[in-house]
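Here the structure comes first, spelled out in structure tokens, and everything after it is commentary.
The values are calculated or read from the model by the stated rules, or taken from the named source; none is laboratory data. Note that this is a predicted model, so its numbers are computed, not measured. FYI the Cβ positions are ideal-geometry reconstructions off the backbone, even for glycines, and counts take in every protein chain you see. With ligands, DNA and RNA removed, areas are computed over all heavy atoms of the protein, side chains included. Shrake-Rupley method; radii C 1.70, N 1.55, O 1.52, S 1.80 Å.
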Amino acid sequence: MTEGQSSVGGDLFGMVLDLYPINRSITGDGVRQTLARIAQDIPLQLHEVPTGTPVLDWEVPREWNARAARIEDMQGRILVDFADNNLHLVSYSMPVDRVLSRDELARHVHTLPDQPALVPYRTAYYAESWGFCLSHALWESMRDESYRVVIDASLEPGSLTYGEWLIPGESADEVLISAHCCHPSLANDNLSGLAVATHLARRMASRKRRLSYRFLFTPATVGAITWLARNEDVVPRIRHGLILSCVGDRGGFHYKQSRQGDALVDRAVAHVLKLRSPSYSLLPFGPFGYDERQYCSPGYNLPVGCFMRSPNGTFPEYHTSADNLDLVSPEAMADSLDTLTAILELLDDNRLYERLDGRGEPQLGRRGLYRAISGQKEAGGVTQLALLWVLNLADGRHTLLDMAERAQMSFGEIKAAADLVAEAGLILEAAR
Ligand code: ZN
């Protein structure tokens, strides 16, 4: 690990640390606090969409805020407290203050008998119910006849909040990067994506850009649906997109392809992972998972894939209290950030070229290109083979990624060769 990597890893982890205690849901002050923290690092535009606003086939729900929640025994001893861990309260629980029997309480208690020490994560967004999540071990030890339950929460008209930053490039064509911000204290599933997306946005903002980059921080599902409903004019400009989730654990990379399956973003991710990563998996699209479900729904069918380390639902800590700060590492997040940077750079640099005179091989020596090659060779730069591939495939029909795939070379090698022959006046960027 380089020194630069360790410091960016520290920054990423620091952001996860700041965001971890906040109680997030699909609406409410926790989302606002989360976006306010992200806005310390990037100029985020915040949107508030009122409850009841129709969004595609849905409507913006009532806003939920929780202040306190606990289960007490009849002597007033607090056995389960939302203040200790916000996973204890089922998200969107209705307010309650009553005494009930253990049997009645059991209908509102969620545990994981197979992972008895862990607290599960549960939601009841559209259910008008309430519930508590606790470790199975604790629940087994609770043998009193009755308990008092208090939930101080509100579910009332308000708004759904999301954050957005559009970083304009030379072209109006956009790359969409989105991360969900609706899970409470879960580090890998939600916070790692928020931290990596924030730093990726900073990197792209400081780089010369051909494409425009739109970073979205939305509550999952209804947030993406809300954004789509309000941005019908932007949708046609989206050329590539990635959903980021679970990018902080120590597992290998997993990329879930877009519904199209062979979109440029799918090929770009596969190319970069093959070069950078000792072990990775490409997964076919499926209509479950994260917000790729919305962006890849048939009326949009956008080229949006999902970039992960360990995929949702496959690791034992998923949606439990074990998805905590121990599960994510600064190094893994820095590596995710670097890999994503390479993917976006590839998409941005993937130009189309045409030979000015495509008849025969140009004489390289006369143009100083042999000297340039031998001079760069030691630095791991351009090879003669890369040069010849570029000169052969620069026919206005092959992008640099097409060339790299066909030559079985890295995109970087092909791009360096293309830069060299473009400078020598042998090729010109072609219109698409
Ligand atoms: Zn989740």
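Taking all protein chains together and a 1.4 Å probe, the residues TYR125, TYR353 rank TYR125, TYR353 from largest to smallest accessible area. The phi-based Karplus calculation (6.51 cos²θ - 1.76 cosθ + 1.60; θ = phi - 60°) puts the 3J(HN,Hα) values of region 76-90 at x, 7, 7, 9, 9, 9, 3, 5, 7, 7, 6, 5, 4, 9, 4 Hz, whole numbers, x for Gly and Pro. The mean accessible area for residues of the chain, using a 1.4 Å probe and ignoring ligands and nucleic acids, is 42 Å² per residue.
Seen against the Cα atoms of the chain and their longest principal axis, helix 384-393 is set at about 90 degrees. Annotation: LYS415 carries an accessible surface of approximately 60 Å², with a 1.4 Å probe and no ligand, DNA or RNA atoms counted. Among beta bridges identified by DSSP and lying wholly in the chain, the antiparallel ones come to about 65 percent. Summing +1 for each Lys or Arg and -1 for each Asp or Glu among the other residues whose beta-carbon sits under 12 angstrom from that of LEU391 gives -1.
Between GLU156 and TYR300, the FRET efficiency from the beta-carbon distance, with R0 = 45 Å, is close to 0.90. Near CYS246: Cβ cut-off under 14 Å, other residues only, Lys/Arg at +1 and Asp/Glu at -1. The net charge is -4. Expressed in units of 2.2 N^0.38 Å, where N is the residue count, the Cα radius of gyration of region 65-156 is 0.99. Placing pseudo-labels 7 Å out from each Cα toward the beta carbon at GLN408 and ALA422 gives an inter-label distance of 2.7 nm. To the nearest 10, the accessible area of TRP58 is 100 Å² with a 1.4 Å probe. Counting 0.36 nm for each residue step from ASP18 to ALA205 and taking away their Cα separation leaves a gain of 65.0 nm. Each residue, ASP326 and ARG62, gets one label point 7 Å from its Cα in the Cβ direction; the gap between the two is 3.9 nm. Among the GluC sites (Glu not before Pro) within region 122-195, those in coil by DSSP and having at most 14 neighbouring Cβ atoms inside 10 Å are GLU128, GLU145, GLU170. With R₀ set to 22 Å, the beta-carbon distance separating SER101 from THR51 gives a calculated FRET efficiency near 0.05. With the helix formula -39500 (n - 2.57) applied to DSSP H stretches of n ≥ 4, the chain reaches a computed 222 nm mean residue ellipticity of -9500 deg cm²/dmol. Note on LEU275 and MET94: their simple-model spin labels are 5.7 nm apart, each label 7 Å out from Cα toward Cβ. Can you give the angle from 0 to 90° between the axis of helix 330-349 and the longest principal axis of the chain, with both taken from C-alpha atoms, to the nearest 10? Relative to the chain, helix 330-349 is tipped by roughly 40 degrees.
From the alpha carbon centroid of region 397-432 to that of region 353-372 is 13 Å. Backbone geometry of region 180-197 corresponds, through the Karplus equation with coefficients 6.51, -1.76 and 1.60 at θ = phi - 60°, to 3J(HN,Hα) couplings of 7, 10, 10, 9, x, 6, 10, 7, 6, 7, 2, 6, 4, x, 5, 5, 5, 4 Hz, x marking Gly and Pro. Within the accessible surface of the chain, defined with a 1.4 Å probe on protein heavy atoms only, the carbon and sulfur portion equals 48 percent.
Panel note: the C-alpha atoms of region 352-429, placed on their principal axes, show extents of 31, 26, 18 Å (largest first).
At the residue level, GLU345 shows approximately 70 square angstrom of accessible surface with a 1.4 angstrom probe and all protein chains present.
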